[in-house]
Amino acid sequence: MSAASLPLLIPGNMCDARLWDGADGAIRAALENATGCAAADADTTQDTSIAAMADRALASITGPLIPIGFSMGAIIAVEMAVQAPERIAALGLIGYNATADLPERAAHRPVQQAEVRSGGLERVLTQELKPNYLAVASRGNADLLALLRDMGMTMGADVFIRQSEALRLRVDRVSALSQITCPVFLMGGSEDALCPPEWHRRWHGLLAHSRLFIEPAGHMVPLEAPLALAEKLAAWLAVPGADQREERKSPCPTAS
């Protein structure tokens, strides 16, 4: 890599930039320390397809990127690598699923969308989605549950419907994984019922240059295990080591 690479944080479904702020900002601090560039945040609220979200992220910043995505954000990160592999210095995929929407999930999304259009966003968020994404030990964490609710309610019904459609209509990218040649960081939760560890092991086997970590957590790894995520991201970014540290002398990519 001939220039500094900017970490780009891409949140999951109905999550905002606060997803990455746990443990007093440890994730952001680790990324800035490792790359010399403060992480940027992707906008996932405007589009109704994963491809359009990836295109928006690529267009928002010039220069090489290290997209680090969680869940839906990881799907967007891989799409960025498919669209512009020459721009992607490395990838971070947390709670990732490379397949198209599972049939049962795809069938249920229009039902959820109809309820949300009728004013039921809070019920869908608090009863159908977020609590089921947590490890058993986290399901009684009032602060965590409140944050998950607040992120979703702040984003609102229109964003829910756009993101739901993007997830429902996404394409299968399993075959694309073997074409990704940059370093890839993979992390899943040991209690993740949405994207279980065996899926992450499968992606690990398909990727040419990946490191896999399974943490004691549910699906919401950035919030359930922020320190572990920060530490392992920092160690992973240090592997290319001298090159990355030398790049700190180069200007960080900027928003366009």
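A short reminder: the numbers here are calculations on the coordinates, not readings from a lab. Because the structure is a prediction, the values reported are computed rather than measured. No Cβ is skipped: glycine too gets one built from the backbone with ideal geometry, and neighbour counts run over all protein chains shown.
When the Debye formula is applied to the Cα atoms of region 103-167, each taken as the same point scatterer, what base-10 log of I(q)/I(0) results at q = 0.29 Å⁻¹? Calculated log10 I(q)/I(0) at the listed q: -1.27.
Between rounded, prolate and oblate, where does region 11-74 land on the alpha carbon gyration tensor, with a ≥ b ≥ c its root eigenvalues, rounded for a/c under 1.5, else prolate if a/b exceeds b/c? If you can, show how the numbers build up before the last one.
On the way: a/c = 2.58, a/b = 1.35, b/c = 1.91.
Since a/c reaches 1.5 but b/c is at least a/b, the shape of region 11-74 is classed as oblate.
3J(HN,Hα) couplings calculated from phi for region 152-159 with the Karplus curve 6.51 cos²θ - 1.76 cosθ + 1.60 (θ = phi - 60°) are, in sequence order, x, 5, 5, 6, x, 5, 4, 5 Hz; Gly and Pro show x. Summarising the amide proton neighbourhood of Glu215: residues at separation of 5 or more, or on other chains, whose placed amide H is nearer than 5 Å comprise Gly188, Gly189, Ser190. The amide H of Leu6, built 1.01 Å from its N in the peptide plane, has Leu65, Ile66 as neighbours under 5 Å, considering only residues 5 or more places off or on other chains.
Applying a 4.7 Å Cβ-Cβ cutoff to the chain, the cysteines left without a disulfide-compatible partner are Cys15, Cys182, Cys195.
The amide H of Met220, built 1.01 Å from its N in the peptide plane, has Ala135 as neighbours under 5 Å, considering only residues 5 or more places off or on other chains.
For region 44-59, backbone phi angles converted through the Karplus equation (6.51, -1.76, 1.60; θ = phi - 60°) give residue-by-residue couplings of 10, 9, 9, 10, 10, 9, 5, 4, 5, 5, 5, 4, 4, 5, 5, 6 Hz, Gly and Pro being listed as x.
What does the helix-only formula give at 222 nm for the chain: each DSSP H stretch with n ≥ 4 adding -39500 (n - 2.57), the total divided by the residues, and the result rounded to the nearest 500 deg cm²/dmol?
Calculated from helices alone, the mean residue ellipticity at 222 nm is -14000 deg cm²/dmol.
Derived scalar couplings between HN and Hα for region 29-37 equal 5, 5, 5, 5, 5, 6, 10, x, 10 Hz in order, rounded to whole Hz, by the Karplus curve 6.51 cos²θ - 1.76 cosθ + 1.60 (θ = phi - 60°), x for Gly and Pro.
Given axes a ≥ b ≥ c from the Cα gyration tensor, I'd like to know whether region 124-237 is rounded (a/c under 1.5), prolate (a/b larger than b/c) or oblate. Oblate shape, in that a/c is at least 1.5 and b/c is the bigger or equal ratio. Taken about its Cα centre, the chain carries a charge dipole of roughly 280 debye when the Cβ of each Lys and Arg holds +1 and the Cβ of each Asp and Glu holds -1.
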